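Asker: There's a structure below that I have some questions on.
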Amino acid sequence: MRTTIKLSKYLLKRLDKMKLWETETYSETIENLIEDRLVYNPKFIREVEARRKEHLTAKTISLKKLKIDNRENIYSP
């Protein structure tokens, strides 16, 4: 479904500058803006930061230790 909306010349120029490529339509540009707004909301950012902290504090082991542990598990009765 198509519709017509009125935009000021100022807003039209701003949309032109936001286009990712020359052939992008205004509809695509507005859709990208809405998508970004939905994805990068404060709740999403808090969740990403929480996962990042979990990752940074996670216990890690070396690949060599992992191979040794797996080898022991394979040969254990």
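Asker: Take each of the peptides 23-36, 49-62, average the number of other beta-carbon atoms within 10 Å over its residues, and list them starting from the highest.
Answerer: Per-residue Cβ counts within 10 Å, averaged per peptide and sorted highest first, yield 23-36, 49-62.
Asker: Can you list the lysines whose alpha carbon is less than 26 Å from that of Lys19, not counting same-chain residues fewer than 8 positions off?
Answerer: Correct list for Lys19: Lys6, Lys9.
Asker: If I take R0 = 30 Å and measure r between the Cβ atoms of Ser62 and Asn32 in this structure, what FRET efficiency does the formula 1/(1 + (r/R0)^6) give, to the nearest 0.05?
Answerer: With R0 = 30 Å, the Cβ-Cβ based efficiency is 0.10.
Asker: Report the one residue of Ile5, Tyr26, Ile45 whose Cα lies farthest in the direction of the positive end of the charge dipole of the chain (charges on C-beta: Lys and Arg +1, Asp and Glu -1; origin at the Cα centre).
Answerer: In the chain, that residue is Ile45.
Asker: Here's another thing I want to ask about it. How many nm is it between the label spots at Arg46 and Lys6, if each spot is 7 Å from the Cα in line with the beta carbon?
Answerer: Label at Arg46, label at Lys6, 4.0 nm between them.
Asker: Next question, about the same structure. So, with +1 on the Cβ of K and R and -1 on the Cβ of D and E, and no other charges, what is the size of the charge dipole of the chain about its Cα centre, to the nearest 20 debye?
Answerer: 280 debye
Asker: Lysines within cross-link reach of Lys53: Cα-Cα under 22 Å, excluding same-chain residues under 8 positions apart?
Answerer: Lys43
Asker: Work out, in µm²/s and without decimals, the Stokes-Einstein translational diffusion coefficient of the range 10-59 at 4 °C, 1.567 mPa s, Rh from Kirkwood over C-alpha pairs.
Answerer: Approximately 99 µm²/s, per Stokes-Einstein.
Read-outs: derived from the displayed coordinates by stated rules, not from any lab. From a predicted model like this one, the values you see are computed outputs, not experimental measurements. Neighbour counts are summed over all protein chains in view; Cβ atoms, including those assigned to glycine, are modelled from backbone coordinates with ideal geometry.
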